Amino acid sequence: MTHRIDMAAYRRIVILTGAGVSAASGLDTFRGHGGLWRQFDAEACATATALRTDPLRVWRLISFMRRGAKTAKPNPAHQAIVALENKLRATQSLTVVTQNIDGLHQRAGSHGVIELHGRLSHTRCANPRCSLKPFEDWELYETQTPRCEKCGAVLRPDVVLFEELLPPDAYRACDDAVRACDLFLAVGTSCTVHPACDFVFTAKDHGATAILVNLEPPENAVDVFDEIHLGPAEELLPALLG
Ligand code: NAD
């Protein structure tokens, strides 16, 4: 039986989520059973190189993900995190850091979510010198790559592709929270995508308790977690968080 985590024992809580948290909302993970990798060669579709050489390929993957995410609803895993936020005492804090780009934590009601890998819901100009601001865009681009109305460059999804750095502000905010936390809870992540997979080591180095909730054991980092709960996050998280 899953025992509850004594959340009252912790003052600064960080929850790091990955694609597994949104699986029960009908959004495929990249890795793991039934992952998106089986339908798309994500190495080829989700890289900075692909954006330069074949942007429509990137947009086809993003359009597929947008189609699912636009109408997806948060599931009990997202809701358990909101419920935790709502019952924190004044002396406690919760920082939700997500590798997901689907916006479901915010749709569920979480506040101050740090999005490490950007957001599916927005598009921006690929030209870093262009003045076009990122804008909300749920359009599907499956036959033609969109172009910037200001400078004519290719438009791109406002997400972090492989071979790209994380947004510096999001990374810094996350690193600060991880260094200061006394509970680090990773949920629905394969713990393989850098640098997010390193955060558990930082948290442990600074004395935090580290707990993982995931369908499968991680390939790396098994020994670093104090507890590992294997199973669906949408069932385990409500029970663990009480
Ligand atoms: P991942 O796809 O590498 O791993 C997901 C993990 O979740 C797997 O280990 C799998 O076993 C586990 N899992 C699957 N269903 C689960 C469930 N119901 N409950 C608990 N665990 C479950 O995902 P990742 O580690 O988050 O990193 C991959 C990258 O993929 C991220 O950077 C993210 O940007 C991107 N991505 C995002 C979404 C999304 O926004 N929903 C979806 C797919 C991929």
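Would you tally the residues in the range 205-223 being more than 13 Å from residue 16 (Cβ to Cβ) and more than 13 Å from the ligand (Cβ to nearest atom)? Residues that pass the stated criteria total 5. Considered as a group, the residues in the range 64-85 that are within 11 Å of the ligand (Cβ to nearest atom) and among the aliphatic types (A, V, I, L, M) include one that is nearest to residue 239 (Cα to Cα), and that residue is 77. Taken together, the residues in the range 118-160 that are of a type in the set (A, V, I, L, M) and closer than 15 Å to residue 66 by Cβ amount to 4. Looking across the range 43-55, the residues that are assigned to a helix (DSSP H, G or I) and surrounded by 18 or more Cβ atoms within 10 Å (Cβ to Cβ) come down to 45, 50, 51, 55.
Kindly indicate the residue of the range 224-242 that is part of a loop (DSSP other than H, G, I, E, B) and away from the ligand (no atom under 14 Å from the Cβ) and also surrounded by the most Cβ atoms within 10 Å (Cβ to Cβ) among those meeting that condition.
First pass over the range 224-242, keeping only residues part of a loop (DSSP other than H, G, I, E, B): 224-226, 231-232, 242.
If we keep only those that are away from the ligand (no atom under 14 Å from the Cβ) too, we end up with 224, 226, 242.
On the way: 224: 16, 226: 12, 242: 13.
Ranking the candidates gives 224 first.
Residues that are away from the ligand (no atom under 13 Å from the Cβ) and hydrophobic (A, V, I, L, M, F, W, C) within the range 155-164 comprise just one, 155. Residues being surrounded by 17 or more Cβ atoms within 10 Å (Cβ to Cβ), under 23 Å from residue 191 (Cβ atoms) and of a type in the set (D, E, K, R) are entirely absent from the range 84-96. Restricting attention to the range 72-116, the residues that are among the hydrophobic types (A, V, I, L, M, F, W, C), outside any helix (DSSP H, G or I), in contact (Cβ under 8 Å) with a residue 24 or more places away in the chain and closer than 28 Å to residue 141 by Cβ add up to 4. Quick check: is even one residue across the range 101-117 in contact with a Gly (Cβ under 6 Å, 6 or more places away or on another chain) and modelled with pLDDT of 95 or more? Among the residues of the range 101-117, at least one is in contact with a Gly (Cβ under 6 Å, 6 or more places away or on another chain) and modelled with pLDDT of 95 or more, which makes the answer yes. Cβ-Cβ distances below 8 Å connect the following pairs, each with a first residue in the range 212-241 that is within 18 Å of residue 82 (Cα to Cα) and touching a residue at least 60 places away in the same chain (Cβ under 8 Å), a second residue that is assigned to a helix (DSSP H, G or I) and of a type outside the set (A, V, I, L, M, F, W, C), and a separation of six or more residues or different chains: 233/20; 234/76; 235/76; 237/76; 238/76; 238/79. Does residue 196 satisfy the condition of being at pLDDT below 95 and under 13 Å from residue 115 (Cα atoms)? It is true that residue 196 is at pLDDT below 95 and under 13 Å from residue 115 (Cα atoms). For the range 8-29, a residue qualifies if it is touching a Ser or Thr at 6+ places or on another chain (Cβ under 6 Å) and open to solvent by less than 40 Å² (accessible area, probe 1.4 Å), and the qualifying residues are 14, 17, 18, 19, 20.
The values are calculated or read from the model by the stated rules, or taken from the named source; none is laboratory data. The structure presented is a predicted model; accordingly, all values stated were derived computationally and were not measured. Methodologically, a virtual Cβ is constructed for each residue, glycine included, from the backbone with ideal geometry; neighbour enumeration extends over all protein chains shown. To get the accessible areas, we keep the full protein, side chains included, count just its heavy atoms, and leave off ligands, DNA and RNA. Shrake-Rupley method; radii C 1.70, N 1.55, O 1.52, S 1.80 Å.
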